[in-house]
Every structure is written in C-alpha cells, then in structure tokens.
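Take a look at the structure below.
The values are calculated or read from the model by the stated rules, or taken from the named source; none is laboratory data. Note that this is a predicted model, so its numbers are computed, not measured. Please note: Cβ atoms are built from the backbone with ideal geometry, for glycine as well, and neighbour counts cover all protein chains shown.
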C-alpha cells in the first residue's frame with residue numbers, strides 16, 4: 001500500500017468550501033482512479049492534513065491521466081480555497097494496524113465515500 005500526506009493551509013473563511021471540494025475530489029479518485037480513500041484532519045495549528053491511500057505508487061502516479069472536467073473544476077476550486085498545498089510525505093506502508101473498531105466490538109462510524 002502507498003500513502004501520500006498533504007498539508008493544506010486554507011484561507012480564512014474558506015474552510016467549508018475547501019472541505020466540500022476536497023470531498024468531491026476524494027470521491028472522484030475513489031470511484032474512477034483506484035484510490036482507497038482519504039482522511040482529512042485539522043491540526044492544532046489550523047492547517048488541514050490529508051492522508052490518501054492507494055494500492056501502489058504506480059496507481060497513484062497514473063491517477064492524473066484519467067481526469068475529467070468535473071474533477072478539474074473541483075481541484076481548481078479546492079486550490080482557490082488554499083494559501084498553499086504541499087505534499088509532505090510519499091510513504092510505502094510497512095505495517096498496518098489501523099482498525100475500524102475498538103477491541104471489544106465498539107464500532108466508530110466512518111464517513112462514507
């Protein structure tokens with residue numbers, strides 16, 4: 001598995017728009033380009049940190065080949081909401097212990113893509 005970590009510095013008062021377009025971009029990649037999905041976090045600094053998973057680096061590298069007008073519109077709008085976007089890390093997974101539920105059976109909801 002291959003993961004990419006992004007840092008987004010969102011312009012003041014643009015967070016809701018940014019998140020709406022980030023969600024649309026993430027859904028597009030999941031449905032059309034082989035992505036395994038993504039998570040978005042807000043750091044205590046106010047920055048947003050995105051974590052995207054892909055089956056492999058090769059799948060991630062090919063993702064830009066098949067874009068369409070819908071994706072490009074959302075990507076441009078998302079970028080317009082940001083002061084900066086940075087790829088912080090490109091990571092190969094060595095061990096994966098991330099779970100969807102807690103030991104003992106308690107489930108935590110995850111936003112559907």
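Per-residue answers, yes or no, for (1) within 17 Å of residue 93 (Cβ to Cβ); (2) at pLDDT below 95:
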{"site": "3", "(1), (2)": "yes, no"}
{"site": "20", "(1), (2)": "no, no"}
{"site": "23", "(1), (2)": "no, no"}
{"site": "31", "(1), (2)": "no, yes"}
{"site": "47", "(1), (2)": "no, no"}
{"site": "66", "(1), (2)": "no, yes"}
Original post:
Is it the case that residue 113 is surrounded by 10 or more Cβ atoms within 10 Å (Cβ to Cβ), in a loop (DSSP other than H, G, I, E, B) and either on the phi < 0 side of the Ramachandran plot or at pLDDT below 90 (or both)?
Top reply: yes
Subject >> Members of segment 1-45 that are assigned to a strand (DSSP E or B), surrounded by fewer than 17 Cβ atoms within 10 Å (Cβ to Cβ) and touching a residue at least 24 places away in the same chain (Cβ under 8 Å) >> reply: 5, 9, 37
